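Contents: one structure, followed by commentary.
The values are calculated or read from the model by the stated rules, or taken from the named source; none is laboratory data. Keep in mind the model is a prediction, meaning the values are calculated, not measured. Because the Cβ atoms are built from the backbone with ideal geometry, glycine has one as well, and the counts that use them run over all protein chains shown.
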């Protein structure tokens, strides 16, 4: 398996062309969701985006030990990565437990913002999906309101993939008795 680093968008673009479906996980952490989900989905290419090199190496080890040729890891900034993708190539974007930046003055650093919804709308296929989960109710509500205001997404009643609950963070959240708030939205026209 090749490590797709920040300067290898060309190899990512080539990888995208190999699969009829493409799903992206933003902030893949240690790769629990990504690997477990990819093991169950044939004919789908997966790209995990993670900024921390040590986490990328952990994911790569899991991918390699499970012989998953359908997974690539991109180490770098997720916003920049999504902006580089061609229009209409992504079937789903998964965003689970992103940094909540809980202080009011830091909320502008949250991943889900209106410009990022514009970017995801651009790279998603028609009726592409966005899956989001957070244990921070404020972030969940902000994300839900942004999706409603965007007009390019419709909130759905669908559930998150079961593999979301295999991550270490998800397990710790449930053990601590905190709720996991989630939303599923599909791309619609403007």
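Residue by residue, here is whether (1) within 15 Å of the chain's Cα centre (by Cα); (2) at negative phi; (3) without any contact (Cβ under 8 Å) to a residue 12 or more places away in the chain holds:
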{"site": "25", "(1), (2), (3)": "yes, yes, no"}
{"site": "48", "(1), (2), (3)": "yes, yes, no"}
{"site": "56", "(1), (2), (3)": "yes, yes, no"}
{"site": "60", "(1), (2), (3)": "no, yes, no"}
{"site": "67", "(1), (2), (3)": "no, no, yes"}
{"site": "76", "(1), (2), (3)": "yes, no, no"}
{"site": "84", "(1), (2), (3)": "no, yes, no"}
When you scan the stretch 111-122, do you find a residue that is within 21 Å of residue 55 (Cβ to Cβ) and in contact (Cβ under 8 Å) with a residue 60 or more places away in the chain, even just one? yes
For the list (1) surrounded by 19 or more Cβ atoms within 10 Å (Cβ to Cβ); (2) out of contact with any strand residue (DSSP E or B) (no Cβ under 7 Å at 6 or more places or on another chain), I need the number of the one condition that residue 93 fails. (2)
Could you go through the stretch 47-54 and let me know if any residue there is under 17 Å from residue 130 (Cα atoms) and out of contact with any helix residue (DSSP H, G or I) (no Cβ under 6 Å at 6 or more places or on another chain). yes
Across the stretch 160-179, what is the total count of residues that are buried (at least 17 other Cβ atoms within 10 Å of the Cβ) and in contact with a helix residue (DSSP H, G or I) (Cβ under 8 Å, 6 or more places away or on another chain)? 6
For the stretch 98-149, how many residues meet the condition of being crowded, with 17+ Cβ neighbours inside 10 Å, touching a strand residue (DSSP E or B) at 6+ places or on another chain (Cβ under 8 Å) and over 20 Å from residue 164 (Cβ atoms)? 3
Of the residues in the stretch 70-89, how many are over 19 Å from residue 128 (Cβ atoms) and exposed (fewer than 14 other Cβ atoms within 10 Å of the Cβ)? 2
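Listed here are the residues, each with its yes/no results for (1) more than 22 Å from residue 99 (Cα to Cα); (2) in contact with a strand residue (DSSP E or B) (Cβ under 9 Å, 6 or more places away or on another chain); (3) modelled with pLDDT under 95.
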position	(1), (2), (3)
45	yes, yes, no
72	yes, yes, yes
80	no, no, yes
84	yes, no, yes
